[in-house]
Amino acid sequence: MLNEEVDDTEFFQQDFTTASEWEIFNARLEEIFHEWKLSYGATGYRAPLERNQLSLCEWTVSKEKIKFADVELDVVRYKANIPEEENSTVVKDDESGNCQAFVDLMANENDYCLVDTRVDGELHPLAQWYGLREFVVVVPVKNSITNESQIRILMSSIHIAVSESSCDVPVFVQVMDKVQNVFLGVCESGSTRLSFDIVHLNVTPPTCKYLSGLLDVFKGKIGVSYMDPVAVSVRFTYSLSKFLSASYAVGKKVPFSEVGNDENVCDPRIMLPFGVAIDPVSELILYCTWPHVADNVVIDSQTYSDFDPMTAPVWSVRVRFEDTPVCYMSDCIQEFLQISESRRAITEYFPELAFGVTQNLDNTKALERLTESKIPTLASVLPGMVSGGSKKENVKLEGPLNDELLKDMLYYMFPDAQKDASQEYQTPQPGQTEFDPLKIKSAHLDSLVHRMATLLAVCNSYYGGKRAVAQLWAEFSQEMRYRVERCIQIPG
């Protein structure tokens, strides 16, 4: 019997030296905490935060993937980029004072951080609730963690990893539905452990709607008799999102249009359309705050409350604007800037310019071709101007701009073509203004270039797009060519 070979397959053998999945998960968590250097130790805490600093500064987000059983998790570290000042490190004598999280939790400046002020995204709820400048969140990648056993196992792993790695940065686990923002966490420093628990209720108990009931819950959680007054900060928020009047919305005033001409009779200058089509203010928020008051000074119960918004010591107002308001000037300028990216030539809009038609316009001016005999010629307006040669056949471009509109625009750029010009240039004479190097690449206000750019932008936005711009540019070029060839002064 002793010489018989024993079949190993008949016995269940287990190698207890092999690490289980749970131990591998805990070891990986500790390794991540060590890589991120989440233990400050005896370095003390840094300078206290300023009001709203967490919501206004940039945040650094680091992420590591980790897998436990069949659940894939993301370990995400959030850290506020706060500039370090010289001699800003302060070391406390007591052991718990060295933990940065404990100091930030007790700081009054962190109460009621502004939200949605950052451009990249909203402030994380944990930073908003607790005022933490650095924390770690374990988030499931796909499905939410709703099983109570899984939550307990995951929290046990967090406790072990935090203790073994001497991590004094708060570590949270997101459980339940992600929309509910339920986070369970822990923070350890020396012999002190702080637990972060959240209870989600479908219906608010009547006692918790007032400060008196909340104080009873708070004192009950302490576990010992507490007779000293409790410091309380209270804020009431009032939101106004529906306005009865749209005083900011204005009608569009397009130059050379019937509405624009009627309203701009007294102003000879032609301006770009300005204003908004809808009210840019989407919401007006009023905060009434009582910062850091003792609970034995105020009363707030179902029958009586001292929290009257009119008696609040601190009022603050916020305005939220529409994300994409309809602004007349910005739309006009943006459309005008798109012309610079166009590679189409002017002859593509008016093919007749490519066949030498302009060669027959030597003695024909754009203004004279439009006005014919109804408007005096430049020869009758400018002294010493000689009309050369005989008239040839008038040739004009057919485009979106009609004759009357084009005539008004040309008179606006060349007011000297009229006897009684109402839109003369008001440019300063040479030597009257000091040289400004910052304006070396910009045109003077109400100069020829300024008026021409304004008209081109208006034509592009409201009078036919790029074809209208090409038509106005062709007429402008012909008038300029006529004046240069005959040494006629160019106004503006």
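The values are calculated or read from the model by the stated rules, or taken from the named source; none is laboratory data. Predicted model only: the values in this text are computed from it and were never measured. Cβ sites come from the backbone with ideal geometry, for glycine too, and all protein chains shown count toward neighbours. These area figures cover heavy atoms from the full protein model, side chains too; ligands, DNA and RNA do not enter into them. Shrake-Rupley method; radii C 1.70, N 1.55, O 1.52, S 1.80 Å.
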For this session: Could you list, in sequence order, all residues of the range 168-184 that are at negative phi and either at pLDDT 95 or above or in contact with a helix residue (DSSP H, G or I) (Cβ under 8 Å, 6 or more places away or on another chain) (or both)?
Result: D168, V169, P170, V171, F172, V173, V175, F183, L184
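A quick yes/no check of all residues on (1) farther than 28 Å from V234 by Cα; (2) surrounded by fewer than 16 Cβ atoms within 10 Å (Cβ to Cβ):
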| position | (1), (2) |
| --- | --- |
| S166 | yes, no |
| V175 | yes, no |
| N181 | no, yes |
| T207 | no, yes |
| Y210 | no, no |
For this session: Output yes when any residue across the range 472-487 is surrounded by fewer than 20 Cβ atoms within 10 Å (Cβ to Cβ), at pLDDT below 85 and in a loop (DSSP other than H, G, I, E, B), and no when none is.
Result: no
Exercise. Does the range 335-352 contain at least one residue that is under 30 Å from G275 (Cα atoms), more than 22 Å from the chain's Cα centre (by Cα), among the polar types (S, T, N, Q) and open to solvent by less than 50 Å² (accessible area, probe 1.4 Å)?
Worked result: yes
Exercise. So C459 clears everything in (1) closer than 23 Å to Y328 by Cβ; (2) outside any helix (DSSP H, G or I); (3) within 37 Å of the chain's Cα centre (by Cα) except one condition, right? Which one?
Worked result: (2)
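So that you can scan it fast, the table gives a plain yes or no per residue for (1) among the aliphatic types (A, V, I, L, M); (2) in contact (Cβ under 8 Å) with a residue 24 or more places away in the chain; (3) within 22 Å of V71 (Cα to Cα); (4) touching a helix residue (DSSP H, G or I) at 6+ places or on another chain (Cβ under 7 Å):
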site: P125; (1), (2), (3), (4): no, yes, no, no
site: Q150; (1), (2), (3), (4): no, yes, yes, no
site: H159; (1), (2), (3), (4): no, yes, yes, no
site: V186; (1), (2), (3), (4): yes, yes, yes, yes
site: T192; (1), (2), (3), (4): no, yes, no, yes
site: F196; (1), (2), (3), (4): no, yes, no, no
site: N202; (1), (2), (3), (4): no, no, no, no
Exercise. Since R46 meets every condition but one in (1) at pLDDT below 85; (2) surrounded by fewer than 17 Cβ atoms within 10 Å (Cβ to Cβ), which condition does it not meet?
Worked result: (2)
Seminar exercise, completed: Scanning the range 336-355 residue by residue, those in contact with a helix residue (DSSP H, G or I) (Cβ under 6 Å, 6 or more places away or on another chain) and more than 14 Å from A474 (Cβ to Cβ) turn out to be F336
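Just to be sure, is D416 within 25 Å of Y328 (Cβ to Cβ), over 39 Å from the mean Cα position of the chain (by Cα) and not in a loop (DSSP other than H, G, I, E, B)? Spell out the reasoning first.
Numbers: within 25 Å of Y328 (Cβ to Cβ): no; over 39 Å from the mean Cα position of the chain (by Cα): yes; not in a loop (DSSP other than H, G, I, E, B): yes.
When the stated conditions are applied, D416 does not pass them.
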Seminar exercise, completed: Flagged in the range 426-446 as surrounded by 17 or more Cβ atoms within 10 Å (Cβ to Cβ) and modelled with pLDDT of 75 or more, in numbering order, are D446
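State the number of residues belonging to the range 52-101 that are in a helix (DSSP H, G or I), modelled with pLDDT of 80 or more and more than 28 Å from the chain's Cα centre (by Cα). Quick ask: steps written out before the conclusion?
To start, the set of residues in the range 52-101 that are in a helix (DSSP H, G or I) comprises 53-56, 96-98, 100-101.
Imposing the further condition that a residue be modelled with pLDDT of 80 or more reduces the set to 53-56, 100-101.
From what's left, more than 28 Å from the chain's Cα centre (by Cα): 100-101.
Result for the range 52-101: 2.
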For this session: Take V458 and decide whether it is open to solvent by less than 10 Å² (accessible area, probe 1.4 Å) and under 17 Å from Y411 (Cα atoms).
Result: yes
Problem set entry | Test set (1) of a type in the set (G, A, S); (2) under 36 Å from the mean Cα position of the chain (by Cα); (3) at pLDDT below 85 - G223 fails condition number | (2)
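Restricting the search to the range 190-205, which residues are of a type outside the set (V, I, T) and open to solvent by less than 70 Å² (accessible area, probe 1.4 Å)?
Keep residues of the range 190-205 that are of a type outside the set (V, I, T), which gives 190-191, 193-197, 200-202, 205.
Selection gives G190, L194, S195, F196, P205.
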For this session: Kindly check whether there is at least one residue in the range 128-139 that is in contact with a Lys or Arg (Cβ under 6 Å, 6 or more places away or on another chain) and under 30 Å from D306 (Cβ atoms).
Result: no
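Listed here are the residues, each with its yes/no results for (1) in contact with an Asp or Glu (Cβ under 9 Å, 6 or more places away or on another chain); (2) modelled with pLDDT of 85 or more; (3) open to solvent by less than 80 Å² (accessible area, probe 1.4 Å).
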{"residue": "L244", "(1), (2), (3)": "no, no, no"}
{"residue": "F274", "(1), (2), (3)": "no, yes, no"}
{"residue": "P280", "(1), (2), (3)": "yes, no, yes"}
{"residue": "L284", "(1), (2), (3)": "no, yes, yes"}
{"residue": "R318", "(1), (2), (3)": "yes, yes, yes"}
{"residue": "S330", "(1), (2), (3)": "no, yes, yes"}
Exercise. What number of residues within the range 191-218 are more than 18 Å from L105 (Cα to Cα) and in a helix (DSSP H, G or I)?
Worked result: 11
For this session: Would you please list the contacts, defined by Cβ atoms under 8 Å and residues six or more apart or on different chains, that run from a residue in the range 404-427 that is of a type in the set (A, V, I, L, M, F, W, C) to a residue that is open to solvent by 60 Å² or more (accessible area, probe 1.4 Å) and part of a helix (DSSP H, G or I)?
Result: none
